[in-house]
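The values are calculated or read from the model by the stated rules, or taken from the named source; none is laboratory data. This is a predicted model, so every value here is computed, not measured. Cβ sites come from the backbone with ideal geometry, for glycine too, and all protein chains shown count toward neighbours.
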Amino acid sequence: MAIAIITGAAGLIGSEAVKHFAEQGMDVIGIDNNMRSVFFGEEASTLWMGNHLRKSVTNYRQHSIDIRDREAVFDLFRRYGDEIKLVVHTAAQPSHDWAAREPLTDFGVNALGTLTMLEATRLHSPDAVFIFTSTNKVYGDTPNKLPLVEMPTRWEIAPDHAYSIGIDENMSIDHSTHSVFGASKVSADVMVQEYGRYFGMQTAAFRGGCLTGPAHSGTKLHGFLAYLIKCTVNRTPYQVIGYGGKQVRDNIHSYDLIQAFDAFYKKPRVGEVYNIGGGRFSNCSMIEAIALCEEIADEPLQQSYLDTNRIGDHQWYISDLTKFKSHYPEWKLTYDVKAILQESYSLNADRWMKERNGMQVAA
């Protein structure tokens, strides 16, 4: 039986990957120790999703392993060896702000944890496809040097600029401020490429825009779109940080991202890098996202504004998907920002309203 190893298995992308590849007939082994609750508190806990996956996915097993624990990771790979055909590595410390508080932990999880996963794969499952969820933060603040124009609700780039359809993989990752988080992800991203090019492994680093979906345990420090619609329904105060609220992000639904992963798995390449996100199909500014949340929830957001930009944060980022689409022309996006928010509201609003009214909600 073909086995898929998925780290961060109870998180947003990991859980989507678990369900998808289990439905494809693979035995799926998840690695998840609920570190997200350590980073962001109990509201960000993924225990509920881990329990749901165990109950609903018959060919799924989960191990509470810390990816920094080399021996535990190696033992798992040693046990299954060549049966492992796919590794989807989503586990990470994902926050700018949290990384600055504990740089050693951030680097240990993001960089050294990724190296541990790569080496375990190389030693025990060298023919497996290795997919890594990297980030657009590897480009640091270089996107902020683009000639942007202030519009009524967003920052935008001139239509005749080379990056008008989005930022491609040729943008430099050097000579920029990345944030501590961005730097640790750069280290992991480059190592994923190196294990492909140097050792000949089938690896890919997917440099994601904002990854989102209804299973996202959104919190103040990570998962802005999921957290924003939750705050709107919950009537929880939300603080917009910097750029006049006109900063732009592209947003990709976890379903669409996993379809991209599946395309790469079926036709893998060596040492690839892809910018992946909502592109021009699915993007918004903070102001535009707030307006959509208020429209969908029929509630005003209780918001405030802090006129200080996060260090290394992007003022405008939209992914150019041309490279990935040229390699996998059958892949396409299916969710835009409004559809993402509408689905999240439809699936979660009742629970959020109960929380708002002080009612106990089952995990």
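Note on the range 159-178: residues that are touching a residue at least 24 places away in the same chain (Cβ under 8 Å), over 26 Å from A99 (Cβ atoms) and out of contact with any helix residue (DSSP H, G or I) (no Cβ under 7 Å at 6 or more places or on another chain) total 1.
For beta carbons closer than 9 Å, sequence separation of 6+ or different chains, a first residue in the range 179-197 that is closer than 15 Å to L118 by Cα and touching a residue at least 40 places away in the same chain (Cβ under 8 Å) and a second that is assigned to a helix (DSSP H, G or I) and of a type in the set (D, E), the qualifying pairs are Y195/E119. Out of the residues in the range 10-53 that are in contact (Cβ under 8 Å) with a residue 60 or more places away in the chain and not in a helix (DSSP H, G or I), state the one that is farthest from Y80 (Cα to Cα). Here the answer is G41. For the range 299-320, check the following and say yes or no: at least one residue is modelled with pLDDT under 95 and among the aromatic types (F, W, Y). Checked against the condition, which is being modelled with pLDDT under 95 and among the aromatic types (F, W, Y), the range 299-320 yields at least one hit. Are any residues in the range 134-184 under 22 Å from V273 (Cα atoms), part of a loop (DSSP other than H, G, I, E, B) and among the charged types (D, E, K, R), and if so, which ones? Hits for the range 134-184 are D141, D168, E169, D174. Somewhere in the range 125-132, is a residue at negative phi and small (G, A, S)? Yes. Inspection of the range 29-47 identifies at least one residue that is within 22 Å of D262 (Cα to Cα), charged (D, E, K, R) and in contact with a strand residue (DSSP E or B) (Cβ under 9 Å, 6 or more places away or on another chain).
For the range 56-81, a tally of residues being over 25 Å from the mean Cα position of the chain (by Cα) and of a type in the set (V, I, T) returns 1.
When P214, P268, P237 are checked against the criterion of being touching a strand residue (DSSP E or B) at 6+ places or on another chain (Cβ under 7 Å) and more than 21 Å from T322 (Cα to Cα), P237 stands alone in meeting it.
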